[in-house]
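To start, the structure itself, in structure tokens.
Laboratory data are not the source of any read-out in this text; all were calculated from the coordinates shown. All values reported here derive from a predicted model rather than from experimental measurement. Cβ coordinates were reconstructed from backbone atoms using ideal geometry, including for glycine residues, and neighbour counts include every protein chain displayed.
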Ligand code: FAD
């Protein structure tokens with residue numbers, strides 16, 4: 001009881017003082033079990049992301065010790081007279097500052113920079129929830145900031161694994177579920193957001209809810225693919241399957257193909273899923289990882305893919321491209337339309353991902369300006385040619401563009417925002433809504 005009173009007092013005090021001045025040191029009065037930090041190295045880490053194209057320094061950084069810490073912080077922000085924003089940061093692997101905020105606090109969901117291990121993971125995570133596997137019900141409960149590589153490692157101990165993946169596993173569960181989470185399995189199992197049973201979410205009012213298809217379902221669907229706008233995911237229950245064994249022969253038997261065209265790379269399942277990390281380590285060793293990444297990810301409807309090919313691959317890009325370009329087919333029926341994510345309105349669509357790095361090599365075609373300009377040309381071409389593309393991991397700067405992006409879904413998206421985050425506190429770095437004073 002005494003602790004509760006102390007916390008309430010601390011929050012009230014914060015409301016008054018922050019409301020008047022928004023002095024970052026006042027944030028330190030908030031009673032949390034974890035750590036509220038003004039340490040310059042924490043602020044620096046939180047001000048950057050993988051895109052390396054913009055920097056936005058927060059007022060403070062919270063290293064939470066529990067979901068309750070997140071409740072306390074968001075409640076304080078919701079109740080403050082002036083208002084300050086709160087952005088969950090998973091692993092900071094966004095491109096355009098989506099997990100950043102200048103007028104508020106960043107919550108480091110995946111651990112502190114000081115605890116970063118040599119593999120790019122986090123050695124000293126706070127004592128948050130460890131993954132809990134149910135073998136009989138085939139699911140795992142994980143903390144929202146857990147990295148997918150750690151989810152995989154813990155489920156493999158039980159011979160189980162999540163069904164749907166991203167190509168790269170050093171991303172947080174909350175970060176990918178706020179977008180969709182796609183890779184080569186999505187055409188079959190759907191995106192990661194279609195393979196979640198249940199979530200714990202702290203809304204923009206500082207309320208902690210468990211939600212699922214059957215419980216607080218509006219919040220559940222809103223948060224999945226919701227770009228962090230409706231709540232902070234503190235726990236996710238993820239569907240598992242028996243970890244696939246080598247099945248290649250069985251799959252090949254069903255196909256008609258020229259036998260000499262078969263080539264095989266035989267890898268354990270974990271190594272296959274973790275393949276991009278190997279490339280990361282190589283690029284890091286050459287100083288080619290921490291460079292600007294003007295990435296562009298588009299969903300292109302099947303009916304327009306050949307127009308896109310002519311206009312972009314054979315037109316704008318010509319025969320000079322750099323960096324990986326991924327193309328994956330997707331089946332719309334595997335995407336739950338009740339979620340917040342937006343896809344083209346066609347049964348089959350393709351992810352086309354331009355994953356390019358800007359280099360200071362003297363070659364103008366590898367420069368940030370050149371690549372950014374080419375991205376603009378691609379987007380303009382899509383508009384002019386009526387491709388009806390949708391950006392995946394969308395980035396826009398005006399509300400008109402967001403309205404256009406969401407199309408028919410905008411009214412629902414806006415209504416959900418008003419219900420779950422009426423003061424527009426959360427994930428301001430997405431630049432969809434301005435925080436209201
Ligand atoms: P962050 O960048 O930290 O955050 C992203 C957004 O989610 C922010 O708005 C943030 O506020 C919000 N957020 C973060 N945590 C939470 C939470 N717990 N609750 C609510 N909101 C939260 N994507 C794919 O789908 N497939 C891929 O194969 C793929 N490969 C990638 C490879 C690399 C090398 C990189 C850099 C990115 C890749 N991505 C891929 C994109 C990636 O899924 C997104 O950028 C994702 O948001 C990154 O996760 P993160 O944990 O770093 O999120």
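Relative contact order for the range 327-389 using alpha-carbon pairs under 8 Å, separation at least 6, rounded to a whole percent?
In percent, rounded to a whole number, it is 26.
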Can you give the translational diffusion coefficient of the chain in µm²/s, computed by Stokes-Einstein from the Kirkwood radius over Cα pairs at 10 °C and 1.306 mPa s?
-> 70
Multiply the residue gap between residue 383 and residue 254 by 0.36 nm, knock off their C-alpha separation, and tell me the result in nm, one decimal place.
-> 42.4 nm
Gaussian network model of the chain, springs between alpha carbon atoms under 10 Å - residue of 63, 405, 158 with greatest fluctuation | 158
Considering only DSSP beta bridges with both partners in the range 271-391, what is the antiparallel share in %, to the nearest 5?
-> 100
When DSSP assigns beta bridges and you keep just the ones with both residues in the chain, what percent turn out antiparallel, to the nearest 5?
-> 85
In nanometres, what is the gap between the two model label sites at residue 404 and residue 279, each 7 Å from Cα along Cα-to-Cβ?
-> 3.0
Identify which of 64, 324, 394 has the largest mean-square fluctuation in a Gaussian network model of the chain, with springs joining Cα atoms closer than 10 Å.
-> 324
In a GNM of the chain with a 10 Å cut-off on Cα contacts, which of 249, 364, 218 has the highest mean-square fluctuation?
-> 249
Relative to the first principal axis of the alpha-carbon coordinates of the chain, what is the inclination of helix 368-384, with its axis defined by its Cα atoms, in degrees from 0 to 90 and to the nearest 10?
-> 80
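Restricting to DSSP H runs of at least four residues, report the calculated mean residue ellipticity at 222 nm for the chain, -39500 (n - 2.57) per run over all residues, nearest 500 deg cm²/dmol.
Value at 222 nm, helices only, nearest 500: -8500 deg cm²/dmol.
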Label the range 271-391 by shape, choosing from rounded, prolate and oblate, from the square roots a ≥ b ≥ c of the eigenvalues of the Cα gyration tensor; if a/c is under 1.5 it is rounded, and otherwise prolate applies when a/b is larger than b/c, oblate when it is not.
-> oblate
So, with points 7 Å from each Cα along the Cβ direction, the residue 302-residue 397 label distance in nm works out to 3.7
Sort 322, 110 so that the residue with the fewest other Cβ atoms within 10 Å of its own Cβ comes first and the one with the most comes last.
-> 322, 110
Arranged by the count of other C-beta atoms within 10 angstrom, fewest first, what order do 155, 234 take?
-> 155, 234
What shape does the range 154-312 take by its C-alpha gyration tensor, where a ≥ b ≥ c are the square roots of the eigenvalues and a/c under 1.5 counts as rounded, a/b above b/c as prolate, and the rest as oblate?
-> prolate
Pop the C-beta distance of residue 288 and residue 33 into the FRET formula with R0 = 30 Å and round what comes out to the nearest 0.05.
-> 0.15
Approximate spin-label separation residue 348-residue 215, in nm, with each point projected 7 Å along Cα-to-Cβ = 4.0
Using a Förster distance of 60 Å, how high is the FRET efficiency between residue 65 and residue 265, based on the Cβ-Cβ distance and rounded to 0.05?
-> 0.90
